[in-house]
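The values are calculated or read from the model by the stated rules, or taken from the named source; none is laboratory data. Worth saying up front: this structure is predicted, and the values here are computed from it rather than measured. Please note: Cβ atoms are built from the backbone with ideal geometry, for glycine as well, and neighbour counts cover all protein chains shown. Surface areas here come from the heavy atoms of the whole protein model, side chains and all, with no ligands, DNA or RNA. Shrake-Rupley method; radii C 1.70, N 1.55, O 1.52, S 1.80 Å.
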Amino acid sequence: MDSLALGADLEPEPVVDAHSAVTLYVNGEATTLTVDHRTTVLETLRESFGLTGAKKGCDHGQCGACTVLVDGRRVNSCLLLAVAQNGATITTVEGLADGESLHPVQRAFVERDALQCGFCTPGQICSAVGMLREAADGHPSHATEPDSPVVLDADEIRERMSGNLCRCGAYPRIVEAIEDVIE
Ligand code: FES
Ligand code: FES
């Protein structure tokens with residue numbers, strides 16, 4: 001009996017509804033939308049909300065270009081499924097400024113000229129905002145001395161920002177910008 005004949009006896013696959021409604025609080029505004037279960041937060045932000053600050057660099061959680069804040073914590077939005085974030089508060093780089101007033105991290109990046117092409121910059125800025133909060137909350141990194149308080153020196157900043165790659169190599173200015181904010 002050939003494989004086609006075998007297949008003829010199989011039951012048809014049941015149709016599964018692969019869409020659900022989710023409510024996301026994006027940059028202070030609640031929105032309910034229907035998402036395909038395979039859609040990431042990054043794709044939802046860019047394609048459904050028109051928020052194109054977060055970038056799709058690798059789409060594999062390796063470059064950090066897609067970094068946003070979810071419930072105050074930095075995440076790689078390319079790795080999160082939107083359907084799993086029902087009720088989450090999401091802040092993108094577009095939501096950091098207070099009206100015309102830039103967030104201190106944004107201002108420091110501008111003043112330090114901490115970018116070249118700018119592709120990684122929204123992710124770098126969101127990551128820095130989340131990182132500063134993590135450090136303020138006392139979370140250690142691999143660069144933190146055991147049983148010591150967190151001191152955000154250049155080594156700590158580089159370690160904590162190591163998930164955000166910059167193909168232009170703007171790292172020295174990025175570290176300086178973050179140091180400015182800390183001061
Ligand atoms: S696009 Fe998400 S980590 Fe690279
Ligand atoms: S400024 Fe070009 S990738 Fe970072």
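Determine if the range 71-86 includes at least one residue that is of a type in the set (Val, Ile, Thr) and either within 13 Å of ligand 1 (Cβ to nearest atom) or surrounded by 21 or more Cβ atoms within 10 Å (Cβ to Cβ) (or both).
yes
How many residues does the range 113-126 hold that are of a type outside the set (S, T, N, Q) and open to solvent by less than 30 Å² (accessible area, probe 1.4 Å)?
Selection size over the range 113-126: 7.
Just to be sure before I move on: is Glu176 crowded, with 20+ Cβ neighbours inside 10 Å and modelled with pLDDT of 95 or more in the structure I sent?
Here the answer is no, as Glu176 does not meet what is asked.
Which of (1) in a loop (DSSP other than H, G, I, E, B); (2) without any contact (Cβ under 8 Å) to a residue 24 or more places away in the chain does Leu115 not meet, given it meets every other one?
It fails just one condition, (2).
Can you list residue pairs whose Cβ atoms sit under 7 Å apart, with the first residue in the range 38-58 being within 25 Å of Asp17 (Cα to Cα) and open to solvent by 40 Å² or more (accessible area, probe 1.4 Å) and the second being within 12 Å of ligand 1 (Cβ to nearest atom) and at pLDDT 95 or above? Count only pairs 6 or more apart in sequence or on different chains.
Arg46/Ala54
Among the residues in the range 65-83, are any assigned to a loop (DSSP other than H, G, I, E, B) and either farther than 30 Å from Val150 by Cα or touching an Asp or Glu at 6+ places or on another chain (Cβ under 7 Å) (or both)?
no
As an exercise: evaluate Gly72 against (1) under 17 Å from the mean Cα position of the chain (by Cα); (2) on the phi < 0 side of the Ramachandran plot and give the number of the one condition it does not meet.
(2)
Take the residues in the range 127-144 that are of a type in the set (S, T, N, Q) and within 19 Å of Gln62 (Cβ to Cβ), then tell me which one is most open to solvent (accessible area, probe 1.4 Å).
Applying the filter and picking the extreme gives Ser141.
Would you mind telling me which numbered condition in (1) farther than 23 Å from Arg133 by Cβ; (2) assigned to a loop (DSSP other than H, G, I, E, B) Arg46 fails?
If we test Arg46 against (1) farther than 23 Å from Arg133 by Cβ; (2) assigned to a loop (DSSP other than H, G, I, E, B), just (2) comes out false.
If we keep just the residues of the range 99-112 that are assigned to a loop (DSSP other than H, G, I, E, B) and surrounded by 15 or more Cβ atoms within 10 Å (Cβ to Cβ), which is nearest to ligand 1 (Cβ to nearest atom)?
Step by step, filter the range 99-112, then rank; the result is His103.
Being within 12 Å of the chain's Cα centre (by Cα) and open to solvent by 10 Å² or more (accessible area, probe 1.4 Å) is the filter here, so list the residues in the range 87-98 that pass it.
Within the range 87-98, Thr91, Val93 meet the criteria.
Tell me, please, whether a residue that is farther than 22 Å from Arg46 by Cα, in a helix (DSSP H, G or I) and within 19 Å of the chain's Cα centre (by Cα) can be found in the range 161-174.
yes
Limited to the range 145-162, what total is found for residues that are within 26 Å of Leu102 (Cα to Cα) and open to solvent by 40 Å² or more (accessible area, probe 1.4 Å)? Please lay out each step first, then the result.
So in the range 145-162, the residues within 26 Å of Leu102 (Cα to Cα) come out as 151-154, 156-162.
This time we only want the ones that are open to solvent by 40 Å² or more (accessible area, probe 1.4 Å), so: 151, 153, 158-159, 162.
Residues that pass the stated criteria total 5.
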